[in-house]
Structures are given as C-alpha cells and as structure tokens.
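Worksheet: the structure to be examined is printed underneath.
The values are calculated or read from the model by the stated rules, or taken from the named source; none is laboratory data. Just so it is clear, the structure is predicted and the values come from calculations on it, not from any experiment. Positions of Cβ are generated from backbone atoms using ideal geometry, with glycine treated the same way; all protein chains shown enter the neighbour counts. Each accessible area value is taken on the protein alone, full model and side chains, heavy atoms only, with ligands, DNA and RNA left out. Shrake-Rupley method; radii C 1.70, N 1.55, O 1.52, S 1.80 Å.
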Amino acid sequence: MHPPSVDSLARSLRADPALADLPRTMLVDAARAGIAADREHALEAATDAARAMRRSLLGPVVNATGVLLHTNLGRAPMAPASPTGSADGAVRYTNVELDLATGRRGSRRDHTAVLLRRLTGAESSLVVNNCAAAVMLVLAAHAVGRAVVVSRGELVEIGGGFRIPEVLTQSGARLLEVGTTNRTRPSDYASAIAGSPDVAMLLKVHRSNYRIEGFTEEVAIPALAALGPTVVADIGSGLLDASTPWLADASGRVPELPWLRDEPAVRQTLDEGAGIVVFSGDKLLGGPQAGIIVGDATLVDACARHPLARALRPGSDVLTALQRTLLAYADGDARRIPFWNMATLPVELLTARARSIVTALAGTPGADRCTVEASEALPGGGTLPGRTIPSAAVRVHGDLTDALRRAPVPVVARVDDGATWLDLRTVDPADDALVTDALRDALTAHPHAR
Ligand SMILES: *Cc1c(COP(=O)(O)O)cnc(C)c1O
C-alpha cells in the first residue's frame, strides 16, 4: 500500500475539530513527521504530532488543583473580555495616551491612577510589568550609589530567582543589612542610619512564601516611618485594603476570612507612613500580570521619569484588564473578580457540585473509584504560606493526571497519596461539564487504578 500523501494527511488532520485551528503549515509539518515516524500508521502518528504541537501553544486549561494563584497557570484568572473592550466585536483602538477632553497627548498612568487613589488613598501611582520590575525601578530611581537598609529576616528569594540582595546589587544600590534572621529591632535600623550618611531608604519586604515562628521580632511600618528615611514596602500580594470592603453583603457585613489574617494591605501600609508601596497585579489583587507602585507623588513621579520606566511600561491590553479589575473593586462587586469570587464561595456549594459530578459518572467503568471528599484549597502564588481555604474535591483512586491533561480543554489536577484530586474551588461552575467529560474519558481509557 502507498503511504498517504503529505497533502491528504494534512487535510485529514484539518478535519479533526481539535486541530482545525492550527495553521496549514503546521499541519503539513505534522503530516511529514507522521510519515517519517510510521509509514504504516501515518495518520495516527501525524495526529499525535499535531496534538503535541497544539498542546505546546498557549491555551485555556481547567485548574482543578485547588491552588487559586497557580504560577504555572498564570496566577490570578481573568474573566474573558475582548482586548478592545467592544461588545460588538469591532476592532478598536484605545485612548491609552490621548486626553479625550483636550485632544492632546495624555498619560497612560492617568486612567488607573484615579481608581488606585480612590481604592488605596495613594496620592500617585505607576504601573509596570510586574512587581519585580517595580522594585527595580524604585531602587534605580531613588537609591543608585546609596545605601538601602533591609532586615536580615527579609532578604528573601520570592521564586523564579527574585532574590532581594541580588536585585539590590543589580540596581546599583548598596545593601545595608540589619538585625538577624529571626529578630530585628528599631535600634538596629537607627544605628545603621546613624552610621551611614547615604541611606536612601528603609526597604521592608514581605516574606510572602515562608514564615518564621517562635523567638521573632520585626519592625512594623509606623516604627520604621518614625526613623526618618523614606520607607519603601514591597508587600507583594496586592491586598488593596485590610477591611476588604468589596466583600460586603447587602447589609454591609464583611465576612471574616481566617486565611487572610495579618496580610499587609496597600491602604493601611500607606496610612502607617510608607512613602512607597509596591505590589503585584496578579496575586491577591486578582488582575493581570503587572507591578504597581503607589505612594507619595514626588517619590512615584521620580520613578515615572526614570528612563527604565519606558522599558518597563505595560501595554494597553494590560492596563485595560487592570482598569476592569479596579472598576469591580470600586463597584464593591467581588463576583466580577474571579479570584475573590472563587476564594469566597461557600464550601457547601462546592460539595454539591462534586456530588453532581460523581453522580453523572455512574455507569462509567471505574466510576466506583470516585468519591466526594473535603479538601483544602491554597491561596498560592507565594502568598499566605501555610494558610488553607476549606474546599471540596472529587477524589479518584489512582493517578489520572496524564489522561486529564489530554482532554480537549486540558484539566490540571493534583496527585496525593495514590489518588487524583480535582478541587472544585478553582473550577468555574460552567466548566463542571468539561471536568465530568474529561473524567469519563480518562476512566474509560484507564478503567483500573494505577
Ligand atoms: C511576588 C512578589 C514579588 C514578585 O512579584 P512579580 O509580580 O511576580 O514580579 C516581589 N516581592 C514580593 C514581596 C512578592 O511577594
């Protein structure tokens, strides 16, 4: 038998709905690879190659890990919206640097600055690509060739190689360490300031992804602010206000969230005397990847004027997404911020959904391996270490994660103690049917636990 032609194979691949959106040139490559790999079963081999190409592209996945801010899955989830914000599908530009009132050139800072001022009390703000960039820019604008005082208990590595001592050196500032790993007192900062004439700032860094417990002491923002030099607080997570007014119900009551306790917040850190606060857009803020610098106008404006600001500025799609998130806060509507919506859903609702999924699987081979279990979701994203949010999961005996990742919309689950856990806190209810289908296919393909 003749092997099929590259052309006819590529056409067959295109007929597969799961592959139809790949460009023809990629399907042709997959067809060639299929023929080279296995002439007898070229279509199967080509399909495998095309699926591998499809999976290597960026695309939507269902997060069933129960980790709300999953760094591998893009941290905070965003509600879909067209980039231009037009509901009718028309392609439009944005007024990112146009002042519509005067018709003159505007500033891309202004749109979100108004909202950030309202939500945090910050006099001024500047948005950059991420929080790492925000720290770099603040140091570059204010501390080149000068000393930056940091507690030894806060010389942390945040993940992805963001190490405070290295960032400081890189920016051209000089690190002045004070205190010890577990205890730093106001007097430690005071003697450093007294002994060094070129202190540019006191930098307080939120430990984010770890805790130290026991015989510990650290200096809070009000005590730091009393010492004289500018206080810069890298709080990381982006909790806008410790009183979480956006979670208030119709009677104005705000639910108590034990997992959020003691997390530093932007508004309170500014009120306590920090000159600058920096934080991420895609952690507890629940917005797009961004780094946000807020605080005293003179200090923030100096960052905006620094040449690096141009290199670190976000595009209008990020600013649009950030503005959408901030508008939801200003509206007091946490349901429009997927992170807060997911984080605060009552666990009973999640349990009921898990039950429906297990019930819908009845009759599938291996369905008896599925149970509904209490679970613990995690805030994640290097925030709130050790804190968990009560949740509910479908537990399947055996490891099905590989098969679930191969579903048409890949489902990412976690494995624990020989079982696959699908935590529903991070799954949009609209995706329960997708999860059910993926589980049914995975069980059918692997009816016996491995
Ligand atoms: C997460 C974090 C960062 C880095 O933020 P990115 O937005 O990922 O660059 C910096 N500092 C602290 C304290 C953090 O928690």
Once label points are set 7 Å from the Cα along Cα→Cβ at both D16 and N95, what is their separation, rounded to one decimal in nm? 4.8 nm
Surface share of carbon and sulfur [accessible, 1.4 angstrom probe, percent] for the chain: 53 percent
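What number comes out for the charge environment of V232, summing +1 per Lys or Arg and -1 per Asp or Glu over other residues with Cβ under 11 Å away?
Numbers: positive: K204; negative: D234, D296.
Counting the neighbours of V232, the net charge comes to -1.
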Cα-based equivalent ellipsoid, region 202-304: semi-axes from gyration tensor eigenvalues, Å: 23, 19, 14
What FRET efficiency do you get for E217 and E157 if R0 is 22 Å and r is their Cβ-Cβ distance, rounded to the nearest 0.05? 0.50
Tilt relative to the chain, helix 186-195 - C-alpha long axis, 0 to 90 degrees, to 10: 60 degrees
With every protein chain kept in the model, how would you rank E40, E348 by accessible area, 1.4 Å probe, largest at the top? E40, E348
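If r is the Cβ-Cβ distance from T180 to D417 and R0 is 41 Å, what FRET efficiency results, to the nearest 0.05?
Details: r = 39 Å, r/R0 = 0.94.
For R0 = 41 Å, the calculated efficiency reads 0.60.
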Count charges around G214 for me, please; just the other residues with Cβ under 15 Å from its Cβ, Lys/Arg as +1, Asp/Glu as -1. 0
So, for the chain, what is the accessible surface per residue at a probe of 1.4 Å, expressed in square angstrom? 48 Å²
Hey, if you drop one equal point scatterer on each alpha-carbon of region 290-346 and run the Debye formula without solvent, what base-10 log of I(q)/I(0) do you get at q = 0.19, 0.26, 0.27, 0.30 Å⁻¹? -0.82, -1.05, -1.07, -1.15
Suppose the chain between E376 and T71 were pulled fully straight at 0.36 nm per residue; how much longer would it get relative to their current alpha carbon spacing? 108.0 nm
By how many nm would the segment from S5 to D333 grow when fully extended, if each residue of separation counts as 0.36 nm and the alpha-carbon distance is taken off? 112.4 nm
